[in-house]
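Undergrad: Starting off with a structure, shown below.
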Amino acid sequence: MQDVKDRVRVVIAEDSVLLREGLTRLLNDRGHEVVAGVGDGEALVKTVGEMADAGGLPDVVVADVRMPPTHTDEGLRAAIRLRSSHPELAVLVLSQYVEEQYATELLAGSSRGVGYLLKDRVAEVREFVDAVVRVARGGTALDPEVVAQLLGRSRKQDVLAGLTPREREVLGLMAEGRTNSAIARQLVVSDGAVEKHVGNIFLKLGLAQSDGDHRRVLAVLTYLRS
């Protein structure tokens, strides 16, 4: 049984009843608490607003990008609205594709927990649950394809000119939400080498030690804003 202090409170926005119920059961079975489930963007905004008025925002919203009425980007736009009105709210969006314009707006809107996963990732249960928890706790969870598209477009910008190719690679893996140890395994280098690269990234992006644990998130968001 999940300790109460480790339990994550989740609101799910997904118009497919089967998928919504499946995600609810998946998270509940792992000791977390799905406090609400809705089927469209307007209902998501209304539900979270009512929870905020009652003094009890969820730890994270998990929202499908495509929802009624047009099944295009209603869920993503609702997530952006929520980030604007509740900057402290963590948001993880799910999609079958990368919607670059709104994705960049969502990811660059705050240093609070944020994620963008392609729906194929949901099939990997452990990785999905880990991503939900990581975002709820203020971290990032970006699908590698999202990182490739968004960061690839950023490489021409001056703010990133000082990063070496290896530092860009490390930052891309940081954006996926990987720990230093996981990055070291991926790149087949030592943990110390990764720590040195991460420190250099913080320094070059102007992120001081006082920024604390959120420097990883801020580094990723600085990259995406460029």
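The values are calculated or read from the model by the stated rules, or taken from the named source; none is laboratory data. Source: prediction; values computed, not measured. Note that we place each Cβ from the backbone using ideal geometry, even for glycine, and neighbour counts take in every protein chain shown.
Undergrad: Quick one: is Leu18 under 19 Å from the mean Cα position of the chain (by Cα), assigned to a helix (DSSP H, G or I), at pLDDT 90 or above and not acidic (Asp, Glu)?
TA: The answer is no for Leu18.
Undergrad: Any residue that is modelled with pLDDT of 90 or more and under 14 Å from Val11 (Cβ atoms) - is there at least one of those in region 93-100?
TA: Yes, that holds for at least one residue.
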